[in-house]
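See below for the structure under consideration.
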Amino acid sequence: MSSSDDEFETIDEYIKTFPAEIQETLEELRRTIREAAPNAEETISYQIPTFEQEGIVVHFAAFDEHIGFYPTPSGMTAFEEELSTYERGKGSVKFPLDEPLPFDLVREITEYRVEENVGDPD
């Protein structure tokens, strides 16, 4: 697993530091976010995977027992009811590794965050 001493330049570097089963989950999460935010730039911020499009869209990170998903406070507020069964912080949610990740919800939140950053293209 990743340690606080690691310095990452790419999401690939970050993901490769985890065991194979966690890597698979992280890659699926990455694909889900990429599909919801196809014009977002992949980067590393705060040493975790980040998607940016006219500002931060979302971050994610892996830990021993959960995947942290960081859709900013506004993303948390907009999906408060849907996220109510998970442990949450002001701008974060913990998805336990022993449960299936809610990829559809991640997609919806990411789409919301893109629209919030970019505005309605119509």
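Values quoted throughout were computed directly from the atomic coordinates according to the rules given, and no laboratory measurement underlies them. This one's a predicted model, so the numbers in the text were calculated from it and none came from an experiment. Heads up, the Cβs are rebuilt from the backbone with ideal geometry, glycines too, and the neighbour counts pull from every protein chain shown.
Note on residue 115/residue 24: beta-carbon distance plugged into 1/(1 + (r/R0)^6) with R0 of 30 Å gives a FRET efficiency of 0.55. For the chain, the convex hull spanned by the alpha carbon atoms encloses 101 Å³ per residue. Under a model in which nothing but the beta-carbon of Lys, Arg (+1) and Asp, Glu (-1) is charged, the chain shows a dipole of about 180 debye around its Cα centre. The modelled label-to-label distance for the pair residue 54/residue 104, using points 7 Å beyond Cα in the direction of Cβ, is 2.9 nm. Just tell me the longest site-free run in the chain, where the sites are GluC sites (Glu not before Pro) in a DSSP loop having at most 14 other beta-carbon atoms within 10 Å. Of all site-free stretches, the longest is 10-53.
Once both labels are positioned 7 Å from their Cα atoms along Cα-to-Cβ, the gap between residue 43 and residue 65 label points is 3.3 nm. Mind checking the full-extension length gain between residue 90 and residue 16? Use 0.36 nm per residue of separation minus the Cα-Cα distance, one decimal, nm. Result for the pair: 23.8 nm of gain on full extension.
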